[in-house]
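Note sheet for the following structure.
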Amino acid sequence: MRLPRRRFLESTAAIAASMAALPITQSTADEPAGDDSRPTSPNDTLRVAVCGVRGRGMEHVNGWGRVKGAKVVAICDADLNVTPRAIKAVEKNTGSAPKVVQDIRKLLEDRSIDVVSIAMPNHWHALATIWACQAGKDVYVEKPVSHNVVEGRRMVEAARHYKRIVQTGTQCRSSKGLQDAVEFIRSGKLGKVYMAKGLCYKRRDSIGILADAKVPSGVDYDLWQGPAPAHPFNPNRFHYNWHWFWDYGNGDLGNQGIHQMDLARWGLNKHEFPRSVVAYGGRYGYHDQGETPNTLNVGFEFDDCELQFEVRGLATNDELKVRVGDIFYGTEGILAMTSYESWQVYWGHKMEPGPSGKGGGDHFANFARAVRARDHKLLNADIEEGHLSSAFCHLGNIAYRLGRKLHINPSTESFVNDPEADAMLSRHYREPFVVPQKV
């Protein structure tokens with residue numbers, strides 16, 4: 001069964017127009033922050049702060065440790081209990097301990113920091129990125145870049161207005177193998193590509209039912225909740241399992257699935273919203289506190305093709321040896337992306353094996369190169385690409401939660417004559433953690 005409709009979201013027109021207090025002071029309200037703290041030559045060290053270090057953030061710590069000319073000098077997390085492992089890793093990589101800050105607003109006051117690398121929960125991505133841009137920092141932000149559609153567009157606007165380099169953490173874009181796969185799709189050798197399918201067949205067990213509890217020592221829970229509505233502390237709404245609650249996460253469509261959504265859109269060469277979206281599914285197989293579906297089918301329509309997406313969190317078969325990946329269907333053949341870096345073509349009705357390829361890449365190094373050149377066009381996953389792919393996930397979740405097909409106006413990134421659906425393009429923010437309507 002589909003989960004009950006949630007009514008807590010307000011229309012974007014009702015969101016308070018006032019901007020939350022900025023974490024830093026600028027010379028004027030409209031003047032972008034300068035580059036006085038930016039390295040002046042390729043030999044200067046990029047000073048990096050990693051925000052959110054429990055899970056994916058450790059990949060940031062170690063990823064930056066592999067980038068020549070970069071150094072993690074600070075880590076930030078609302079839960080100080082998770083910082084010792086990150087401190088140890090930074091010491092191993094750099095030979096010195098990083099500064100530890102609990103509140104990102106304090107971190108952004110440090111003018112010596114060049115880059116903010118964000119691996120916080122989804123509901124913090126937009127605000128942290130916008131604040132960092134306003135503070136004159138370049139940003140690497142994890143996927144999905146936003147918690148809702150409107151946030152993503154505000155992030156793009158902030159990056160452009162403050163002249164910041166902002167990379168999306170969809171690291172598949174830096175994979176040589178998948179770059180070659182997209183080039184093959186675009187070459188026309190598959191014939192007319194009429195459909196792409198993203199697959200997120202990833203096991204997700206029940207999270208059970210846990211009682212509310214006391215906030216653990218070392219956790220600033222008010223800060224952790226940030227823009228989201230206030231709730232009593234519950235272990236199931238905290239580390240990692242926050243993905244399965246609408247207040248903080250976007251289900252597996254916006255968790256693992258964002259990678260495959262991005263690849264599908266990339267391969268189809270689509271750079272705007274679809275004409276419509278429909279979705280159906282549920283949280284099947286167990287009863288727990290999670291809200292997001294573990295089984296979901298989403299369909300997007302374009303004028304000349306379609307994009308399908310499927311989430312399966314329970315026991316399942318694969319398709320063309322793919323469980324987490326993408327399949328592109330052409331009139332002459334099919335191309336399957338079977339991992340983060342490999343692909344295989346199958347020809348004709350007999351599905352005869354054709355060309356294949358494999359190869360990795362370094363997404364952090366690509367970002368560092370663009371930062372040094374001050375050119376966002378060098379990014380493999382610029383924030384606008386991240387916004388579009390994240391928005392597709394949000395559109396699918398909105399269609400699922402409303403239980404009906406939704407028609408979209410791509411030029412306005414909104415729905416057609418549907419105030420109820422438009423209300424879910426944004427959210428009500430808990431002050432002072434307000435994503436501004438205008439950056």
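Tabulated values for the structure
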| read-out | value |
| --- | --- |
| Total residues in region 368-384, condition more than 22 Å from Asn269 (Cα to Cα) and in a helix (DSSP H, G or I) | 6 |
| Leading residue by the ranking (farthest from Trp343 (Cα to Cα)) among those in region 177-208 that are surrounded by 18 or more Cβ atoms within 10 Å (Cβ to Cβ) and among the aromatic types (Phe, Trp, Tyr) | Tyr201 |
| Lone unmet requirement of (1) more than 16 Å from Ser390 (Cα to Cα); (2) surrounded by fewer than 24 Cβ atoms within 10 Å (Cβ to Cβ); (3) not β-branched (Val, Ile, Thr) for Arg154 | (1) |
| Filter result (buried (at least 23 other Cβ atoms within 10 Å of the Cβ) and touching a Phe, Trp or Tyr at 6+ places or on another chain (Cβ under 7 Å)) within region 238-252 | Tyr248, Gly249, Gly251 |
| Residues within region 43-67 that are part of a loop (DSSP other than H, G, I, E, B) and without any contact (Cβ under 8 Å) to a residue 40 or more places away in the chain, tallied | 3 |
| Inter-residue pairs, beta-carbon under 8 Å, first within 30 Å of Glu319 (Cβ to Cβ) and in contact (Cβ under 8 Å) with a residue 60 or more places away in the chain and in region 351-379, second among the charged types (D, E, K, R) and assigned to a helix (DSSP H, G or I), 6+ apart | Gly357/Asp180; Gly359/Lys176; Gly359/Asp180; Gly360/Lys176; Gly361/Lys176; His363/Arg173 |
| Residue in region 190-208 that is in a helix (DSSP H, G or I) and either within 16 Å of Ser390 (Cα to Cα) or polar (S, T, N, Q) (or both) present | no |
| Test: residue in region 150-163 that is touching a strand residue (DSSP E or B) at 6+ places or on another chain (Cβ under 8 Å), within 20 Å of Arg369 (Cβ to Cβ) and at pLDDT 95 or above | yes |
| Positions within region 86-105 being under 24 Å from the mean Cα position of the chain (by Cα) and either basic (Lys, Arg) or assigned to a strand (DSSP E or B) (or both), in sequence order | Val101, Arg105 |
| Some residue of region 342-363 being closer than 17 Å to Arg154 by Cα, acidic (Asp, Glu) and surrounded by fewer than 22 Cβ atoms within 10 Å (Cβ to Cβ) | no |
| Residue check, Gly313 more than 30 Å from Ser411 (Cβ to Cβ), surrounded by 16 or more Cβ atoms within 10 Å (Cβ to Cβ) and either among the charged types (D, E, K, R) or in contact with a helix residue (DSSP H, G or I) (Cβ under 8 Å, 6 or more places away or on another chain) (or both) | no |
| Residue count, region 224-281 (criterion: in a strand (DSSP E or B) and either of a type outside the set (S, T, N, Q) or under 22 Å from Ile130 (Cα atoms) (or both)) | 5 |
| Counted residues, region 112-144 - those being of a type in the set (D, E, K, R), closer than 17 Å to His387 by Cα and in a loop (DSSP other than H, G, I, E, B) | 2 |
| Residues being under 21 Å from Leu425 (Cβ atoms) and in contact with a Phe, Trp or Tyr (Cβ under 9 Å, 6 or more places away or on another chain) - total across region 132-148 | 1 |
| From Ala230, Ala264, residue being within 17 Å of Ser390 (Cα to Cα) and in contact (Cβ under 8 Å) with a residue 60 or more places away in the chain | Ala264 |
| Cross-chain or 6+ apart pairs with Cβ under 8 Å, region 194-214 first and free of Cβ contacts under 8 Å to residues at least 60 places away in the same chain, then polar (S, T, N, Q) and in a loop (DSSP other than H, G, I, E, B) | Ala211/Asn234; Asp212/Asn234; Ala213/Asn234 |
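Residue-by-condition table, conditions (1) of a type in the set (Val, Ile, Thr); (2) within 30 Å of Ser117 (Cβ to Cβ); (3) in a loop (DSSP other than H, G, I, E, B):
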{"residue": "Gly285", "(1), (2), (3)": "no, no, yes"}
{"residue": "Asp288", "(1), (2), (3)": "no, no, yes"}
{"residue": "Asp304", "(1), (2), (3)": "no, no, yes"}
{"residue": "Val311", "(1), (2), (3)": "yes, yes, no"}
{"residue": "Phe328", "(1), (2), (3)": "no, no, no"}
{"residue": "Ala336", "(1), (2), (3)": "no, no, no"}
{"residue": "Lys350", "(1), (2), (3)": "no, no, yes"}
{"residue": "Gly361", "(1), (2), (3)": "no, yes, yes"}
{"residue": "Asn366", "(1), (2), (3)": "no, yes, no"}
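The values are calculated or read from the model by the stated rules, or taken from the named source; none is laboratory data. All of these numbers come straight from a predicted model, not from anything done at the bench. Methodologically, a virtual Cβ is constructed for each residue, glycine included, from the backbone with ideal geometry; neighbour enumeration extends over all protein chains shown.
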